[in-house]
Amino acid sequence: MFKIIYKRVLNPMVTWMDIEAPLVARKAKAGQFIILRVNESGERIPFTIAKCDAEKGSVTIIFQKVGGTTKLLDTLEEGDFILDFVGPLGRASEVEGFSRVAVVGGGVGCAIAYPEARALRDAGAHVDMIAGFRNTDILMLEEEMASVSDRLFVMTDDGSNGNKGFVTVKLKELLDAGEKYDLVVAIGPLPMMRAVSDLTKEYGIKTIVSMNPIMIDGTGMCGGCRLTVGGEVKFACVDGPEFDAHLIDWDEAMKRLPQYRQEEKNCRLMNQ
Amino acid sequence: MAINKQNEKTPMPEQDPIVRAANFDEVSTGYTTEMAINEATRCLDCKHRPCVGGCPVNIEIPDFIKCIIQGDFEGSYQVIKQTNSLPAVCGRVCPQESQCEIKCVRGIKGEPVAIGRLERFVADYHMKNVEDTVKRAKLNGHRVAVVGSGPAGLTCAGDLAKMGYEVTIFEAFHTAGGVLMYGIPEFRLPKDVVQKEISSLRDLGVKIETNMVIGKILSIEELFEDGFEAVFVGSGAGLPNFMGIPGEGLLGVMSANEFLTRINLMKAYLDEYDTPIRRAHSVAVVGGGNVAMDAARCAKRLGSESVYVVYRRGESEMPARLEEVHHAKQEGIEFLFLTAPVEIHGDAEGNVNSIECVKMELGEPDASGRRRPVEIKDSNHLLDVDMVIAAIGNSPNPLIRMSTPGLEANRRGCLIVNEDTLMTTRDGVFAGGDAVTGAATVILAMGAGKQAAMEIDKYIQEQ
Ligand SMILES: Cc1cc2nc3c(=O)[nH]c(=O)nc-3n(C[C@H](O)[C@H](O)[C@H](O)COP(=O)(O)OP(=O)(O)OC[C@H]3O[C@@H](n4cnc5c(N)ncnc54)[C@H](O)[C@@H]3O)c2cc1C
Ligand SMILES: Cc1cc2nc3c(=O)[nH]c(=O)nc-3n(C[C@H](O)[C@H](O)[C@H](O)COP(=O)(O)OP(=O)(O)OC[C@H]3O[C@@H](n4cnc5c(N)ncnc54)[C@H](O)[C@@H]3O)c2cc1C
Ligand code: SF4
Ligand code: SF4
Ligand code: FES
């Protein structure tokens, strides 16, 4: 059993949770993830490790309520327990050897982008962060993102914070103004990552994205998380979750995501 | 008692095929006492005991059968238990027709003695009627780590605990049992049976730590640093192979591992569990082994109208247990032999809508001694299906190998061990089961776990 030691509501859809898991906290690196199961009848679902504190033995996850399990998880409070918690899974991000990096986050993807920005900055890179949200109501983690980047640009789709436009608008603006990035990291919904990938391909900038296909075991056992990368089949849970954006078969990845949409609709909790 | 001349095995009571194809309850309900005694009296108590040699763990088969005739079922259980720590499992899932029963003298003129069924009867009798009193061995002060809780790991851990070792099993999943829990379905091997075996290990003092992916949370090196003096790797062969044909990225194409894990481990077939499962109208399962049979029969139970097993060789080459093939046919699974898939087609949304296959014929024998299937030209045809399950084999997972310096594997990813000692290329690290042999059988994995326990004991005593 794993205890929830801290919970904070970031916006109506997104929650921050610190979970006591000392062994995972000791080992985890930026870019890796955990899989948890709330209770005996629960499904196994993956979340990126947003932060860890080896001293306190805690692991932070930041999750968006999208369906049955994330809603169930959100009903738990500080002091409650999660039945299973396994990690750290996947490969750590490569953060060494970059000088100027743009880290682009979209929505809840900012939760994953921000530790990545921190790791890159700790490794010596200049980090610009571009964070995109639908509107100011769901803006979150501004302070955290500002603290791990040299410059932070927050964009809203509807312009409600005064910066109207998708993250790609800002990124293009920076590139056209002569910014020379040796790496772009994009984390967020698939269409956003794909748009960033298409843009940076034109500019010939190496781009890394964090993929989140459906997973079960997270150890390479089921093949459910497979993607085509550079013409080869890769398992996101062991070969990823981060991949070279320019090698991903985006059409296939976008099609595979709603795999269980129909079945999830039939799920008891979803109908509440 | 006089020898029973009956040429056939005493039939096993089973659920009606139509009824059982819609539930996950066990197919065979097991012998009654009368049936068991009737079957036991078919045994000739042969002096040269050929059957014993056919069993990979050399159970004293005529002895346990003799006890059944005498009505001493617990005594019979004790005979089996001397060499087999999971009789309730083996009685149900061993490929008896190619192991113990193939050697049985009664098989020359009729059917062999139903050794597996009798073993199951005795094990079930024990479970139902005898309270195990476990005597924990006196601890000898040495610690051993076991990676993986499949039959290899469980057997190794149990034997070491009985010798006085302090044993900890590390399991990646949230539940112990390996393939016995996530692969083989409830209707063939009830999960209660497996959990009972596992709880008796706990009674022996074995610690089981779940949610621990070795190679990630702890490396093998760190296990040694933590004070474990030897490590047994029984991590199985969990990496699914795909066919490598166009269309495998379509929705509705999955590995048997994914399909079976959702069903068996995550219990997706029960309403009160949250894990979703795809329920297809029509399913093609590619492969001809036990895994293919299990996937096909699960699909049927989830309500699929047509379920095809697509296998590129002929019926007699199928590696699945005979009984499973027989049961699958009864349940309405359709077998397409000498048929191989070449492409999977989908609709505009990316959902599978058919699988394209070719007909095969058998040519020259290949390395495995089986005749190699060769494609018949222009025999392409479509099969309308909305789900395709790949059950064409598994390879060992590379996680541990990649995270352990000095641990070597062969071309197929199987860990290399010294055959006599089961020690890997890394000192103090032993391995056995599917991780070494590639996908094999429960009883072979247990045999390896047993041998490894002895070798680990020797290794530690010599240090
Ligand atoms: C490696 C990895 C890291 C992840 N990290 C985070 C994270 O840090 N924070 C976070 O909020 N989410 C993260 N996710 C996504 C998260 O796992 C899913 O949102 C979650 O499984 C949904 O479960 P549910 O039961 O609440 O929703 P469901 O009822 O399963 O699904 C609701 C809707 O979400 C879609 N969906 C299901 N699974 C995913 C998925 N994997 N990605 C996107 N959409 C999905 C479904 O198609 C459906 O439309 C990550 C996924 C992966 C694979
Ligand atoms: C669907 C199916 C049906 C089968 N039917 C039969 C049958 O009827 N008869 C028969 O004899 N055989 C059958 N087999 C084969 C048999 O189950 C296997 O040969 C046997 O289980 C192998 O045992 P094992 O202990 O080596 O590995 P497994 O049973 O595979 O167990 C390995 C365990 O190690 C864990 N693990 C892996 N990596 C790590 C890690 N890094 N850290 C921690 N834990 C790890 C896994 O999660 C797993 O629990 C079947 C197999 C399948 C898949
Ligand atoms: S363990 Fe398997 S092979 Fe050995 S006697 Fe029992 S059923 Fe036969
Ligand atoms: S070979 Fe058959 S008949 Fe002979 S002892 Fe073994 S089980 Fe009995
Ligand atoms: S989640 Fe099962 S192989 Fe990646």
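The values are calculated or read from the model by the stated rules, or taken from the named source; none is laboratory data. A quick note: this is a predicted structure, and the numbers were derived from the prediction, not measured. All Cβ positions, glycine included, derive from the backbone under ideal geometry; neighbour counts span all protein chains shown.
Residue-wise test of (1) more than 16 Å from ligand 3 (Cβ to nearest atom); (2) part of a loop (DSSP other than H, G, I, E, B); (3) away from chain A (no Cβ under 14 Å); (4) at pLDDT 95 or above.
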{"position": "B:Pro112", "(1), (2), (3), (4)": "no, yes, yes, yes"}
{"position": "B:Phe121", "(1), (2), (3), (4)": "no, no, yes, yes"}
{"position": "B:Cys156", "(1), (2), (3), (4)": "yes, no, yes, yes"}
{"position": "B:Leu201", "(1), (2), (3), (4)": "yes, no, yes, no"}
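The residues listed here are A:Gly97, A:Gly109; of these, the one that is away from chain B (no Cβ under 14 Å), free of Cβ contacts under 8 Å to residues at least 60 places away in the same chain and either of a type in the set (Gly, Ala, Ser) or at negative phi (or both) is A:Gly97. Taking the range A:194-233 as the range and being of a type in the set (Lys, Arg) and either in a helix (DSSP H, G or I) or within 14 Å of chain B (Cβ to nearest Cβ) (or both) as the test, the residues that pass are A:Arg194, A:Lys201, A:Arg226.
Conditions tested, residue by residue: (1) buried (at least 23 other Cβ atoms within 10 Å of the Cβ); (2) under 18 Å from A:Ile214 (Cα atoms); (3) more than 16 Å from ligand 3 (Cβ to nearest atom).
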{"residue": "A:Thr15", "(1), (2), (3)": "no, no, yes"}
{"residue": "A:Phe33", "(1), (2), (3)": "yes, yes, yes"}
{"residue": "A:Asn39", "(1), (2), (3)": "no, no, yes"}
{"residue": "A:Lys51", "(1), (2), (3)": "no, no, yes"}
{"residue": "A:Ala54", "(1), (2), (3)": "no, no, yes"}
{"residue": "A:Thr70", "(1), (2), (3)": "no, yes, yes"}
{"residue": "A:Glu77", "(1), (2), (3)": "no, no, yes"}
{"residue": "A:Glu94", "(1), (2), (3)": "no, no, yes"}
{"residue": "A:Arg100", "(1), (2), (3)": "no, no, yes"}
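Sort out which residues of the range B:250-286 are more than 7 Å from chain A (Cβ to nearest Cβ) and more than 25 Å from A:Glu252 (Cα to Cα), and write them in order of number. Across the range B:250-286, the qualifying residues are B:Ile263, B:Asn264, B:Leu265, B:Lys267, B:Ala268, B:Tyr269, B:Leu270, B:Asp271. In the range A:118-174, of all residues being within 18 Å of the chain's Cα centre (by Cα) and of a type in the set (Lys, Arg), the one that is surrounded by the fewest Cβ atoms within 10 Å (Cβ to Cβ) corresponds to A:Arg134.
For a quick check of your reading of the model, give me the residue pairs whose first member lies in the range A:243-255 and is away from every other protein chain (no Cβ under 14 Å), whose second is surrounded by 15 or more Cβ atoms within 10 Å (Cβ to Cβ) and part of a helix (DSSP H, G or I), with beta-carbon atoms closer than 6 Å and at least 6 apart or on different chains. Hits for this filter: A:Ala245/A:Ser197. Evaluate the range B:186-199: report whether one residue or more is of a type outside the set (Lys, Arg) and more than 21 Å from B:Tyr77 (Cα to Cα). There is at least one residue in the range B:186-199 that is of a type outside the set (Lys, Arg) and more than 21 Å from B:Tyr77 (Cα to Cα). Given the options B:Gly53, B:Gly91, name the one that is within 30 Å of B:Val307 (Cβ to Cβ), without any contact (Cβ under 8 Å) to a residue 60 or more places away in the chain and in a helix (DSSP H, G or I). Answer to the check: B:Gly91.
The set of residues in the range B:366-411 being assigned to a loop (DSSP other than H, G, I, E, B), touching a residue at least 40 places away in the same chain (Cβ under 8 Å) and not basic (Lys, Arg) consists of B:Val385, B:Asp386, B:Ala391, B:Ile392, B:Gly393, B:Pro396, B:Asn397, B:Pro398, B:Thr404, B:Pro405, B:Leu407. From the set of residues in the range A:70-93 that are of a type outside the set (A, V, I, L, M) and without any contact (Cβ under 8 Å) to a residue 60 or more places away in the chain, which is nearest to the other protein chains (Cβ to nearest Cβ)? Restricting to residues being of a type outside the set (A, V, I, L, M) and without any contact (Cβ under 8 Å) to a residue 60 or more places away in the chain, the top hit is A:Thr70.
Would it be correct to say that B:Glu101 is within 11 Å of ligand 4 (Cβ to nearest atom), buried (at least 24 other Cβ atoms within 10 Å of the Cβ) and away from chain A (no Cβ under 14 Å)? Taking the combined requirement at face value, the residue satisfies it. The number of residues in the range A:207-243 being among the β-branched types (Val, Ile, Thr) and under 23 Å from B:Ile214 (Cα atoms) comes to 4.
Criterion applied to B:Ala452, B:Ala435, B:Ala445 was being within 14 Å of chain A (Cβ to nearest Cβ) and away from ligand 1 (no atom under 16 Å from the Cβ), and the one residue passing it is B:Ala435. Every condition in (1) in contact with a Pro (Cβ under 8 Å, 6 or more places away or on another chain); (2) more than 10 Å from ligand 3 (Cβ to nearest atom) is met by B:Lys47 except one, and the failing one is (1). For the range B:265-283, the criterion of being closer than 30 Å to B:Arg371 by Cβ, crowded, with 23+ Cβ neighbours inside 10 Å and in contact with a strand residue (DSSP E or B) (Cβ under 6 Å, 6 or more places away or on another chain) is met by at least one residue.
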